[in-house]
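The values are calculated or read from the model by the stated rules, or taken from the named source; none is laboratory data. Since the structure is predicted, the reported quantities are computational estimates derived from the model, not experimental observations. Reconstructed Cβ throughout: ideal geometry from the backbone, glycine too, with neighbour counts over all protein chains shown. Accessible surface areas use protein heavy atoms only, side chains included; no ligands, DNA or RNA. Shrake-Rupley method; radii C 1.70, N 1.55, O 1.52, S 1.80 Å.
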Amino acid sequence: QNCTISPSIASASPFVARARAAFCIVRMEETGPTVDREEAAPHGGGVGEFRESSLALGAADTYEGETADAYAVAAQAAKLRRFATSAADDRAGSDGGSSDDGGVKPPDVASAASSLSSLGPEPTSDNPPLHDRPEPSYLLPPPASSLGVGAHAIAGINATDPRTSAAADINTDPAGVTSPAAAAWATADATGGGDEGFREVHAYPVEDTPDLPVAQVEEMKPWLRRREGKLAALAVGLLLAALAVILGVFLTMDPSEPVPVVEEMTSDAPTVSPTLDPRPLLTVVRERGSVRCGVEDTVATGAVQFGKFAADLCRSVAAAVLGDPNATQLVPVGKDRYQVLNDHGVDLLVAGDAWTVEKAMREPTTGSTFNFGRTYYRASIVYVGVKNYVECAMSEKRYDDCGGLAICAFDSVDIRDLMTSLFPDSFLQFDAFPVIEAALHNGTCNVLVSDVSQIYGSELQADLDSGTYVMSDFHVSTNSISMVTRTGNAGDQEWSDVLSGLFAGMFRATQIGLGLDPAACQKTLEDPRRGSGPISFLDPVNCVGNYAEIFGRSLSTKILGTPKAYTQAIDAPNLGSLRCRDCENVLLSSPTLREIVDRGSLRCGIYMDQERNYTKTSLPVLVAETYCTAVAVAIFQGDPGAATITHFTEIDFSVFPDDFDVVAGVSGTISLDGPPNLSYDPEEPSPWWRATVYFLEDKYYLDGVEYNGIGKDLVLATKSDDEDDSLARLVLMVYIATVHAQRIGIGRSAYQMMPLIELFGDAVTFMLKDVVAFAGNYDEVLTESLRASDGQIGRGYNKVLDKRALTYGTPAVWCSLTGSCPPEELGTNFGLGIYMWDSSKIPDESEVMVLENLGGWLGGNADDPFV
């Protein structure tokens, strides 16, 4: 390091400090026993030269400036000439060179440096050892490419005494052969003559490189003296001590004494949230005494009215399950809402979550599956802003007078995916609703995109009413907003069934004119049995209100309807992403589906309701046959012959028939034909899993009397199984394929345009194409079934909801879904037979107004017993 060659030269501080130009790479070797210096003198390397070098080193300390530098370099050259290398490190050299045996005088720096660089040739097998040969000729240094820049791997650089260093470490040639010098040192040590030995070095001057790193030399201690060795020894000692203690305990035990047994104790007490309680969720909630609902911070987002709506829905759940609408905990959730739900931090989400296939099958932030229940609000995505730029956005025009289009969009996964498919990124910016609302007001953007649930109740509502901004005439898209619950745990399906029954009861109550009843609610609150036993779906109606009342109290009193026509009621979630690289092959991972594949056929039973006089030629039965066969097509790679269909007219709803994999024709809700049946008994959980609705009846019954309005929803059902719902999800996907195909204009003839799906693994990636190739879109299924039917039942409400429907600038409920609307003369005609009414502005003295609440307006036909 900095040409520290030997202890004697290392002490020459002038050389170390001043001669950096002679930066050296050093190779050391031991040359064997020392020869007598007087004997070596006649051969040109004796005492005179040794003394000369010593005097030169000493003189270097007394001279100043250039002279001192010259002395130092000259002294080093003289010293180097005294040494030669051993045979093990021979190198090929050149002939040129000259000897320098000058006296001690002040040379110039140039000549001294020349002397230093003119090193002699190394001995070879043809050259005698140092003490047997005359004055050596000198050799130029090897080329830099052979050494490498700053090659500091110097053998033996840290050795000061060759006898204290391992000979194999410093005296072995590249082939692993010990040099003669090492053997000579060993001999000298054995004879005691090694004390007078000296080490020879061969130094090559190289180019001075100021930034070249220099190896640091440290003392190598034995392993046990180093820190890691001491720690290891301590750890071993502690381990041995512990083993000794354990061994001592066993050796002193009395074998005659019985060994105590620890018994596992279980508790029925509710656990503290958010620990994962394995018991059914309904049991946990009832013992806790409150329902935890994950809700959006609507104060921060500006959608205060929608927040009230969500809070009322949570109160309805508490009223049904616990008999107390106030037994709720509203837990604000953000983008991590699905993880919070998975971790049992909440019991359900009522946070405006849009149902998509992707979220239900493999939610992006968690990778988990979830249950999305009945849609409680269909939220439309609309444009709001400056009139001409809203028209630009609707036509997707980005040039000429639309070149200044600037769109601020609400930052959600659904809206981001939608808008990036319609416009380049340079036209878009995404943020929270208050931010984009402010951006629209200050002119940063001229069009705002959001779900109407955010717009209603915000300051934009007043801007729309005043005409400052306009709303797009059509929805950009429509999302199905649903409650979300967990899957895969004991009782999760039961909890989902309870929420489905709750919404069915609220809707049916709206239909038949049942509404808020404080007296009946107080009676429930005073009942000591509330919160236990059967669940009454009348309790949320009595304590919170029917669906229309909750909607009107929180969002709007507006009513929409087509008084003389059926409205569209067939809906399905949007797809989202269908990609998945690591999803399991569902035909292998699902025991249910694996059994079907091994059997080679899908067994589908179709129940024909005798109350409606259904036969094999009835429209709902024919539609069920098409969907049963389509499920088999999806499982068996497009083979419609893999379906085995059986028709039957009697059924026991307390059990799922073991003869079938899928059953069609049953109602998707608990029997709700009258107030006595608005209940659910947890002691008798349903064995049925409602996979999907495929047909809506256009009549409902009350006390045996038939009325117009949406009746039973006929479903494809599977056997309930908390651990394996794969068949139910696949059945749902078959139905979604037909609805999605219709919405994007794909029919049987263009089935190839349907996307691939990877969410079920690699076995059924073509199922969407296969389903549409066989069944067509939903309209084709209905039209072909209607053509083959007996004509006794019409299409009714079985029309697919258009995602790009008309907008109305305000939230509203559809009265025609219940079968009755207010008189046309009291409403506003929007065209296409659609009217809007405001129940708050209809005079109480109107002859058609009998009930005082909104539910009365939606209370069936004119001849209903409630009107």
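Along the Cα→Cβ direction, 7 angstrom out, place labels at residue 400 and residue 244. What is the inter-label distance in nm?
9.6 nm
Per the 1.4 Å probe, what fraction of the accessible area of the range 327-412, in percent, lies on carbon and sulfur atoms? Walk me through the numbers before you get to the answer.
Working: 1540 of 3270 Å².
Solvent-exposed carbon and sulfur of the range 327-412 make up 47 percent of the total.
Pop out the ³J(HN,Hα) list for the range 812-820 in order, Karplus 6.51 cos²θ - 1.76 cosθ + 1.60 with θ = phi - 60°, rounded to Hz; leave Gly and Pro as x.
Along the range 812-820, the couplings run 7, 9, 9, 6, 5, 5, 8, x, 8 Hz.
So which of 387/841; 335/387; 558/799 end up more than 31 Å apart by C-alpha? Kindly include the intermediate steps, with their values, before the conclusion.
Details: 387/841 29 Å; 335/387 33 Å; 558/799 23 Å.
Pairs exceeding 31 Å: 335/387.
Averaged per residue, what accessible surface does the range 380-488 expose to a 1.4 Å probe, in Å²? Display every interim value, and only then the final one.
Working: 4250 Å² over 109 residues.
Per-residue value: 39 Å².
Going by a ≥ b ≥ c, the root eigenvalues of the Cα gyration tensor, does the range 433-585 fall in the rounded group (a/c under 1.5), the prolate group (a/b larger than b/c) or the oblate group?
Details: a/c = 2.03, a/b = 1.35, b/c = 1.50.
Oblate, since a/c reaches 1.5 and b/c is not below a/b.
Once the other residues with Cβ under 10 Å from the Cβ of residue 747 are scored (Lys, Arg +1; Asp, Glu -1), what is the net sum?
Numbers: positive: 748; negative: 779, 780.
Neighbour charge sum, excluding residue 747 itself: -1.
How much net charge surrounds residue 451 when only other residues with a Cβ under 12 Å from its Cβ are counted (Lys, Arg +1; Asp, Glu -1)?
Numbers: positive: 378; negative: 296, 353, 411, 414.
Summing Lys and Arg as +1 and Asp and Glu as -1 gives -3.
With labels modelled as points extended 7 Å from the Cα through the Cβ direction, what inter-label distance (nm, one decimal) is found for residue 766 paired with residue 806?
For residue 766 paired with residue 806, the spin-label model returns 4.4 nm.
Enumerate the calculated ³J(HN,Hα) couplings along the range 358-364 in order (Karplus 6.51 cos²θ - 1.76 cosθ + 1.60, θ = phi - 60°), each rounded to whole Hz, writing x wherever the residue is Gly or Pro.
4, 5, 5, 8, 7, 4, x
Expressed in nm to one decimal, what extension gain is obtained for the pair residue 279 and residue 655 from 0.36 nm per residue of sequence separation less their Cα-Cα distance? Intermediate values should be presented prior to the final figure.
Numbers: separation 376, 0.36 × 376 = 135.36 nm, distance 2.28 nm.
Residue separation times 0.36 nm, minus the Cα-Cα distance, leaves 133.1 nm.
Based on alpha-carbon centroids, what's the gap between the range 416-492 and the range 720-746 in Å, whole number please?
Going from one Cα centre to the other spans 27 Å.
Can you tell me the length gained on complete extension of the stretch residue 568 to residue 639, counting 0.36 nm per residue apart and subtracting the Cα distance? Before the final figure, lay out the partial values.
On the way: separation 71, 0.36 × 71 = 25.56 nm, distance 3.19 nm.
Here the segment from residue 568 to residue 639 would lengthen by 22.4 nm.
Between beta-carbons, use under 14 Å as the cut-off and find the net charge around residue 608, counting Lys and Arg +1, Asp and Glu -1.
-3
What are the ³J(HN,Hα) couplings of the range 645-659, residue after residue, when phi is run through the Karplus curve with 6.51, -1.76, 1.60 and θ = phi - 60°? Round to Hz, x for glycine and proline.
10, 10, 9, 8, 10, 10, 8, 10, 6, 7, 9, 8, x, 5, 6
Keeping the other protein chains in place, figure out the carbon and sulfur percent of the accessible area of the range 597-639, with a 1.4 Å probe. Each step should come with its number before you reach the end.
Numbers: 640 of 1480 Å².
Solvent-exposed carbon and sulfur of the range 597-639 make up 43 percent of the total.
Under a crude label model (7 Å from the Cα following the beta-carbon direction), how far is residue 329 from residue 526 in nanometres?
Here the answer is 3.1 nm between the modelled labels.
May I ask for the distance between the Cα centers of the range 569-633 and the range 767-838, given as a whole number of Å?
23 Å
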